[in-house]
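See below for the structure under consideration.
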Amino acid sequence: MNRLVTWITLFLLLLLVQIQSAHADLTRLAENVYAYVGTKDATPARSFAANAGIVIGRDGVLVVDTLISAKEGARFLADIRKVTDKPIKYVVNTHTHLDHAFGNCVFARLGATVISHEADQAMLASKGADMLKSVGNYGLKPEEMEGTEIVVPQLAFNDRLSIDLGGENVRLIRTSPSHTEGSLVVYLPVEKLMFTGDILFSDFHPYLADADFDGWAKTLDALLAMEVERIVPGHGPLSTKKDLQAMKEYLVLFDTKAKALAAISQDAEAIAAELLKVLPKRSLAEWMIAANVKGRYLGKK
Ligand SMILES: [Zn+2]
C-alpha cells in the first residue's frame with residue numbers, strides 16, 4: 001500500500017513538471033533581466049509565439065512587448081509576478097504589430113507608461129482600432145480577444161532614448177526603418193544583451209508586409225557592430241550575432257528571388273513553393289512565405 005502511494009505521488013509530481021514545462025516561464029538571462037522566449041506554439045491565440053521580456057531596476061520593472069491580447073498579457077503578468085513584485089513602470093513596444101502590442105492594456109491599467117518609436121505610435125493610433133475589429137483576418141476568435149483594448153504609447157521618441165530604472169540603464173535605439181518604420185531594439189550595454197523585436201526572427205519565417213529592405217539591412221549592420229553577446233529575437237529561440245547575419249542573408253535572398261518570380265507568375269502559392277527551395281531552413285511559420293508574396297510582390301490580395 002505504501003509503495004502504491006509512493007508511486008502515485010511520483011507520477012503526480014512528474015505530471016506537474018510536465019504541465020509546468022509546457023508553459024513558457026521567464027528565463028533568467030542576467031541578474032535583473034528575464035526573457036519570455038522559445039515558445040513553440042505559433043498559433044494566433046498564443047501570440048504567434050512572440051517573445052517578450054522584463055528588466056528589473058531598483059525603482060521598478062520595464063516590460064518589453066506585451067503579446068497579442070489582454071489574455072496573453074495577463075498570462076505574462078502572472079509569470080512576471082512569480083519573479084518580482086516591484087511596480088511596472090514602463091512598457092516598451094519594440095514595434096506595434098498586434099502580437100507585440102495588443103497586451104498593452106493589461107500593463108497600462110497598472111499605471112505603466114507605454115513607449116515606442118514615433119512612427120509605430122502613429123501606426124497603432126491610425127490602424128489599431130480597425131485591426132482589433134478585424135482580428136478574424138489574423139485567425140483570432142472574438143473570445144480570445146476578450147478585454148483587449150488598444151493602448152497607444154503615451155511616450156514616443158525618434159532615434160534614441162535612455163531609461164534609468166535605478167541601477168539599470170536601458171537604451172532604446174532605432175537606426176532606420178526595418179521590420180516596421182519604427183522598429184527599435186532594447187539594449188542593455190552592461191549585460192551585452194539585446195531585445196530586437198521582429199528585426200530578428202530566428203528559426204522562424206519573418207513577416208515582411210511592412211518591411212523596408214534597405215533600412216532593415218542597414219539596421220542589422222548597425223546591430224552587428226554593437227557589443228552584444230545574447231539576443232532575444234521577436235520570434236524564435238535565444239540568439240547571437242550569427243543569427244543577425246543569417247537574417248540579413250534571408251532578407252536579401254527573399255527580396256531578389258521573390259521579385260524575379262513575381263515578374264513571371266501571379267500565383268502566390270507557386271512562388272512560395274519555389275522560394276521555399278532556396279531560402280535558409282526555418283522550422284516555424286512556413287505559411288508566412290505565401291502571405292509575404294501576396295502582401296508585397298503581387299499587390300493587394
Ligand atoms: Zn512584427
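Brief remarks on what is shown
- Net charge in the neighbourhood of residue 85 (other residues with Cβ under 15 Å of its Cβ; Lys, Arg +1, Asp, Glu -1) is +3.
- Using the rule -39500 (n - 2.57) for each DSSP H run of four or more residues, divided by the residues of the chain, the 222 nm mean residue ellipticity is -11000 deg cm²/dmol.
- Under 5 Å between amide hydrogens, built in the peptide plane, is the criterion, and for residue 200 it picks out 234 among residues at least 5 positions away or on other chains.
- Residue-by-residue Karplus 3J(HN,Hα) for segment 194-209, coefficients 6.51, -1.76, 1.60, Hz, glycine and proline x: 8, 9, 9, x, 7, 5, 10, 10, 10, 6, 8, 5, x, 8, 10, 4
- The phi-based Karplus calculation (6.51 cos²θ - 1.76 cosθ + 1.60; θ = phi - 60°) puts the 3J(HN,Hα) values of segment 229-237 at 10, 10, 10, 9, x, x, 9, x, x Hz, whole numbers, x for Gly and Pro.
- Farthest towards the positive end of the charge dipole of segment 37-94, among the residues 66, 77, 43, is the Cα of 77, using unit charges on the Cβ of Lys, Arg, Asp and Glu.
- Value of D in µm² per second that Stokes-Einstein yields for the chain, Kirkwood Rh from Cα pairs, at 25 °C (0.890 mPa s): 123 µm²/s
- Rounded to the nearest 20 debye, the dipole magnitude of the chain is 460 debye, with +1 charges on Lys and Arg beta carbons, -1 on Asp and Glu beta carbons, and the Cα centre as origin.
- Relative to its Kirkwood radius, the Cα radius of gyration of segment 116-209 gives an Rg/Rh of 1.02.
- GNM top mover of 245, 266, 121 - the chain, alpha-carbon springs below 10 Å: 266
- Cut-off under 5 Å, modelled amide H: who pairs with residue 53 long-range: 36, 64
Since every read-out is calculated from the coordinates, none of them should be taken as a lab result. Because the structure is predicted, anything quoted here is derived from the model rather than measured. So basically every Cβ, Gly included, is an ideal-geometry build from the backbone, and we count neighbours across all protein chains shown.
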